[in-house]
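Contents: one structure, followed by commentary.
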């Protein structure tokens, strides 16, 4: 098993058809103890319970630094270590550039970018003490190609910020044995996208994907496991594209 006996925290992982929950299942299947963080305690606990008794569900608003620190301490009290963090929590808004208001900007930047920073800050001291750890940050193809299908310019900006933040952390914490990498998914079928694609839109999008299909949550989940495992032991600061060839660069 790739991550046997590892303790892995995944933010925003309670949504039924989301990338986070699929990632939790993938880590559990590879032997990890999984900690699911989400806004509602009941949802996080239910998602963890589906995986089994060794897993944990905690409430955490990643835009609240104190909440992130409390979650990290709860994990340490239960397991005594933190081997990997997947910064998955994120939101998007289909708002055009000239229509972006301060509230839109704050909401999207706070969850996607500030949340990535705060949760990483919460686990880095423990990883540094262990002299080992892996952080996976969730970006998006929209950060690379300049806009997506469902996200506005502020979403692209937030996800581009995630790439810069991850690279800076990789450089800073590499000497401590901590690896930090990013994943840039293409169009993945989740709760966010599932009800918004018409058959016509789907067919048109697939024309631009060399592999001939939309991605699913398991495609991203498997990439997360790879980046957290020793299979990628000499990788840090990279952006791993999971987009079926939608963007080749």
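Descriptive notes on the structure:
- In degrees, nearest ten, helix 41-51 long axis to first principal axis of the chain (Cα): 80
- More than 20 Å apart - percent of Cα-Cα pairs taken over the range 172-248: 42
- The C-alpha atoms of the chain define a longest principal axis, and helix 153-173 lies at about 30 degrees to it.
- Selected from 132, 81, 202 as most flexible by GNM, with the chain as the system and alpha-carbon contacts under 10 Å: 202
- For the chain, the fraction of alpha-carbon pairs in successive 10 Å shells from zero, as %: 8, 33, 38, 17, 3, 0
- Share antiparallel - DSSP beta bridges, the chain, percent rounded to 5: 0
- Our estimate of slack between residue 81 and residue 206, defined as 0.36 nm per intervening residue step minus the Cα-Cα distance, is 40.8 nm.
- Its Cα gyration tensor gives the range 104-161 an equivalent ellipsoid, and the semi-axes of that ellipsoid, as √(5λ) in whole Å with the largest first, are 27, 13, 6.
- Entry note, the chain: the mean residue ellipticity at 222 nm calculated from DSSP H runs of n ≥ 4, each adding -39500 (n - 2.57), is -13500 deg cm²/dmol after division by the residues and rounding to the nearest 500.
- Each Cα pair under 8 Å and six or more residues apart adds its separation to the average, and for the range 176-249 the resulting relative contact order is 55 percent.
- Of interest is the spacing of the C-alpha centroids, which for the range 151-175 and the range 219-242 amounts to 16 Å.
- Descending principal axes extents, the range 23-98, alpha-carbon based, whole Å: 48, 27, 24
- The long axis of helix 65-79 is offset from the longest Cα principal axis of the chain by roughly 50 degrees.
Read-outs throughout are calculated quantities, based only on the coordinates presented, and are distinct from any laboratory measurement. From a predicted model like this one, the values you see are computed outputs, not experimental measurements.
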